[in-house]
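Trainee: Below: one structure in structure tokens.
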Amino acid sequence: MGDLLYGILQKFGYSHPLHPIFTHLVIGPVIAALLISLFAWIFNKPQGMRTARHLTVFAFVMWFFTAAMGLIDWQHFYSAQRMTAITMKMILASILFVVLLSTILVNRRLPVESRLPIILYAVSTLCVIGLGFYGGNIVYG
């Protein structure tokens, strides 16, 4: 599938991996959820907590596209070679999946103004920082 996709893109002059484009659709909402929830907590604005919840759901949905493109890029550009950075990214992506899903499920049971999800937003942020670190090592290391 990757060869077909990249073959089509190559005809238009695009030869870069697609995974990095999708990563922003997970990283951005995860970090924004943490920052907005902290802002909402500090300034007592429950609507900010609602926004953080929405961002988490968006990040969770985009996780699937990002992970799929990461696997396709890995197969196409690296012939699915075993690499420490890829292994770490798979572990961290799995942890991120569990944390995002847990956050969504916890948020369904808690009132909007609850501050408990802030801890989960922080753990999600640490996961995406780790994913970015290992992704950077693949590209620049």
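Trainee: Listed residues 12, 43, 60; which is exposed (fewer than 15 other Cβ atoms within 10 Å of the Cβ) and at pLDDT 95 or above?
Mentor: Only one candidate passes the filter, namely 43.
Trainee: When the range 8-61 is examined, which residues are found to be among the polar types (S, T, N, Q) and assigned to a helix (DSSP H, G or I)?
Mentor: Within the range 8-61, 10, 23, 37, 47, 51, 56 meet the criteria.
Trainee: Here's something else I'd like to know. Any idea which residue in the range 88-108 is nearest to the chain's Cα centre (by Cα), counting only those that are open to solvent by 50 Å² or more (accessible area, probe 1.4 Å) and over 15 Å from residue 52 (Cα atoms)?
Mentor: Here the answer is 97.
Trainee: Here is a follow-up. Among the residues of the range 107-119 satisfying the criterion of being of a type in the set (A, V, I, L, M, F, W, C) and in contact (Cβ under 8 Å) with a residue 60 or more places away in the chain, which is farthest from residue 41 (Cα to Cα)?
Mentor: That would be 112.
The values are calculated or read from the model by the stated rules, or taken from the named source; none is laboratory data. Source: prediction; values computed, not measured. Here the Cβ is made from the backbone with ideal geometry for all residues, glycine too, and neighbour counts use every protein chain on show. Ligands, DNA and RNA are stripped out before the accessible areas are found, and what is left, the full protein with its side chains, is counted by its heavy atoms. Shrake-Rupley method; radii C 1.70, N 1.55, O 1.52, S 1.80 Å.
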